[in-house]
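Worksheet for the structure shown next.
The values are calculated or read from the model by the stated rules, or taken from the named source; none is laboratory data. Just so it is clear, the structure is predicted and the values come from calculations on it, not from any experiment. So basically every Cβ, Gly included, is an ideal-geometry build from the backbone, and we count neighbours across all protein chains shown.
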Amino acid sequence: MHILVVDDEEKQRDLLAGFLRKKGYAVTTLASGKEAIEKNRTTGFDLAILDLKMPEVDGIETITRMREIDPETYFIILTGYGTVESAVEAMRCGAYDYINKPINLDELELLIERIYKEQTLHQELAALRDEIKEDVKFESFVADSKKMKDVLALISRVAKSNSTALLLGQSGTGKELVARLIHEASPRKNNRFIAISCAALPETLLESELFGYERGAFSGAEKRKIGKFELAHRGTLFLDEIGDLPLSIQVKLLRVLQEFTFERLGSNTPINVDVRLISATNQDLKKKIADGTFREDLYYRLNVITIEIPPLKDRREDIKPLTAHSIKKFSRKHNKQVKGITKDALSHLMRYDWPGNVRELENVIERAVVLCRSELIDVTDIPLRTGADTPHYESEILKDVEREHIKTVLQKVNWNLSEAAKRLGIHRNTLRLKIKEYGIEKK
């Protein structure tokens, strides 16, 4: 937490600053409200402790003008007068609370702790809203094969430590699910699990997502943003596709792992974090080290514990339970009465090599559930292909699923396009294009 102390009395400033620094807070001190307003244009503060009576610009006016610059800052007013009127006026203008002089430092410490908890709660709620938008759901671990049971046993041992873990495996094998399981089985389970893909964002955006930024840090930064590392404090941060992390950010990540501290973009104030890092990749990091595209020192920091997740073709015993689990899951999702799969269809699934692994299997089963006309999925519902046709086929699967899902939502809302777009999480114009593309007609 970065705290600003503003008081025209030097002894009072030094007393407060010394006390707060001993408690581990980053502190900036200024002598006037005018200086505080100017400083706030370039630096964000989590909390500002202001004297009520100051020359030129008093505490109440300082609060008003600082809130215009950064509405997320909290304020505590110091008053030597202790009148109800001054306290009410300060609270009305945006102060969180007030303290009478001479200051009771124990009371001040408790007040700051309360503010910190409230700020943390607001940040978690904002992150939770983002998570709900992304429709992130934790599914149970399904495995019958010895290889995956060995992975599960390793997860239970790894979860008890705070060591960094590196998950290796092909795309679609379930690396994020394993990371979530580690978190859920760890002492950190009551805190946040934050996931981010290093391949999904451009370099500049990825840096701001990881470390956050201050208002005015760059063009378009209109207010302070809390990064993923801060949100994952005392929890777990999962970095997927770590092999795609740009070298410039690798340097910063290495520093966090070494010192557990970083700065938001546009700030020089260090932020200390307690984060358990789990990363994942489908790439050969040793080859990337040899190519000069991945730092060797970072690799050894990430690779304290390695968990290799085998491809689905090497654990065919899991195909049957995964299929049963997926049928139940997608039957509920699409409101279908599909109860199972025929023996011939299951044999068909068992013979296929699944280059897209568990993710491809789920796509195939979802399509089959959507298009199935009976209570059992049959061979005709899962026309699997091989070789060069597979990527195209997976694309067709996703299109079929999307088409049927859009039709279902439109029917539920009686073709109210605004409501349908809202439920689908897309713009109404995008929905219109999808309806045209898929030839969906109102019955």
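The figures follow:
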item	result
Search result, residues across the stretch 1-40 that are assigned to a strand (DSSP E or B) and either within 33 Å of the chain's Cα centre (by Cα) or surrounded by fewer than 16 Cβ atoms within 10 Å (Cβ to Cβ) (or both)	H2, I3, L4, V5, A26, V27, T28
Set T342, T306: member being free of Cβ contacts under 8 Å to residues at least 40 places away in the same chain and either in contact with a strand residue (DSSP E or B) (Cβ under 8 Å, 6 or more places away or on another chain) or not assigned by TED's automatic domain parsing to the domain that holds D46 (or both)	T342
Any chance V379 is assigned by TED's automatic domain parsing to the domain that holds K407 and in contact with an Asp or Glu (Cβ under 8 Å, 6 or more places away or on another chain)	yes
Conditions (1) free of Cβ contacts under 8 Å to residues at least 40 places away in the same chain; (2) within 14 Å of S279 (Cα to Cα); number of the one not met by C198	(1)
Scan of the stretch 41-52 for residues that are buried (at least 16 other Cβ atoms within 10 Å of the Cβ), part of a loop (DSSP other than H, G, I, E, B) and charged (D, E, K, R), ordered by number	D46
The stretch 177-195 - residue that is touching a residue at least 60 places away in the same chain (Cβ under 8 Å) and farther than 18 Å from I305 by Cα and, of those, surrounded by the most Cβ atoms within 10 Å (Cβ to Cβ)	I194
Count - residues of the stretch 144-176 that are surrounded by 17 or more Cβ atoms within 10 Å (Cβ to Cβ) and not small (G, A, S)	13
Residue within the stretch 293-307 that is at pLDDT 90 or above, farther than 30 Å from L254 by Cβ and buried (at least 16 other Cβ atoms within 10 Å of the Cβ) present	no
Test: residue in the stretch 101-109 that is closer than 15 Å to M1 by Cα and at pLDDT 60 or above	yes
Candidates D46, D58 - the one that is in contact with a Gly (Cβ under 7 Å, 6 or more places away or on another chain) and either acidic (D, E) or outside the structural domain of V6 (by TED's automatic domain parsing) (or both)	D58
Test: residue in the stretch 83-99 that is among the small types (G, A, S) and assigned to a strand (DSSP E or B)	no
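Matching residues to (1) within 28 Å of A185 (Cβ to Cβ); (2) outside the structural domain of L205 (by TED's automatic domain parsing); (3) surrounded by fewer than 22 Cβ atoms within 10 Å (Cβ to Cβ):
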position	(1), (2), (3)
L277	yes, no, no
T281	yes, no, no
I327	yes, yes, no
S331	no, yes, yes
K336	no, yes, yes
L349	no, yes, no
R373	no, yes, yes
